[in-house]
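Have a look at the structure below before the remarks.
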Amino acid sequence: MPRNEPTAEPCWLAIRLPHLVLDLHTRGQRGRRIPVAVSGVLQRRERIIDCNPPARSGGVAPGMLLTAARSVLGELHVVERDAAAERRALERLAAWCYQYSSQVCIPGDRPGLFVEAGASERLFGRPADLGARMEQKLSRLGYHAMIGSAPTPEAAWLAAHEG
C-alpha cells in the first residue's frame, strides 16, 4: 500500500507595496535628496498621492492639494500617477514571485501580491522566513514592501499591515 505524503497546510504571503506609485519614480535614487511627489485626481481635485521623505520634511503630505504642495515647497518634483505603469510593475513582480510559488495573485483593488508559500516550505523554509527574504530582496530592487503570512490571503494582508 503506497504511503501518502502529508499535504502542506496552505499559507499565504501578502506583499503590500504601500508606496508603489512613488517607488516607480524613485527606485535607484536612495542617496538623492530631491523632494518627489506623485499627484493624481482625488475628489475632483489634483492632490498629492504619495511623497518621499525629503518632500515630507519640506511640509508636503499625501492628500494635500497640488497647488498647496507647490507653494509650500517650490523645488518639489511632481510626477503624475500612471495606473498602467503600476499594473505593469505588479505583473513583473508577480512573475518574479513565481520562483517561490506556482500560486501568485494580483489583487485588483490594492497595490500588492498574494503568494501561496505553504507548498514551498520544503524548498524555501518557513513562510515567515521566506517572507523576510522576499522583503529584503524587494528592498534591494527599490520597492518598499510589507509582508505578512496567514492561512488565507486576506488574513495575510492584515498581518502585513501589522508587520
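The values are calculated or read from the model by the stated rules, or taken from the named source; none is laboratory data. Since the structure is predicted, the reported quantities are computational estimates derived from the model, not experimental observations. Counting neighbours? That spans all protein chains shown, and the Cβs are built from the backbone with ideal geometry, glycine included. Protein only, heavy atoms only, side chains kept; ligands, DNA and RNA dropped before computing areas. Shrake-Rupley method; radii C 1.70, N 1.55, O 1.52, S 1.80 Å.
Observations
- Screening ALA117 with (1) surrounded by fewer than 19 Cβ atoms within 10 Å (Cβ to Cβ); (2) at pLDDT below 95; (3) over 15 Å from LEU20 (Cα atoms); (4) not hydroxyl-bearing (Ser, Thr, Tyr) gives one miss only, at (1).
- Cβ-Cβ under 7 Å pairs, at least 6 apart or on other chains, segment 140-163 side farther than 17 Å from LEU130 by Cβ, far side assigned to a helix (DSSP H, G or I) and open to solvent by less than 30 Å² (accessible area, probe 1.4 Å): GLY142/ASP23; HIS144/ASP23
- Applying the condition of being β-branched (Val, Ile, Thr) and open to solvent by 80 Å² or more (accessible area, probe 1.4 Å) to segment 1-51 and asking which residue is modelled with the lowest pLDDT yields THR7.
- Identity of the residue in segment 85-111, farther than 21 Å from SER39 by Cβ and in a helix (DSSP H, G or I), that ends up most open to solvent (accessible area, probe 1.4 Å): ARG92
- Residue in segment 52-84 that is nearest to VAL38 (Cα to Cα), counting only those that are assigned to a strand (DSSP E or B) and open to solvent by 70 Å² or more (accessible area, probe 1.4 Å): GLU80
- Residue within segment 56-63 that is under 21 Å from LEU141 (Cα atoms) and among the β-branched types (Val, Ile, Thr) present: no
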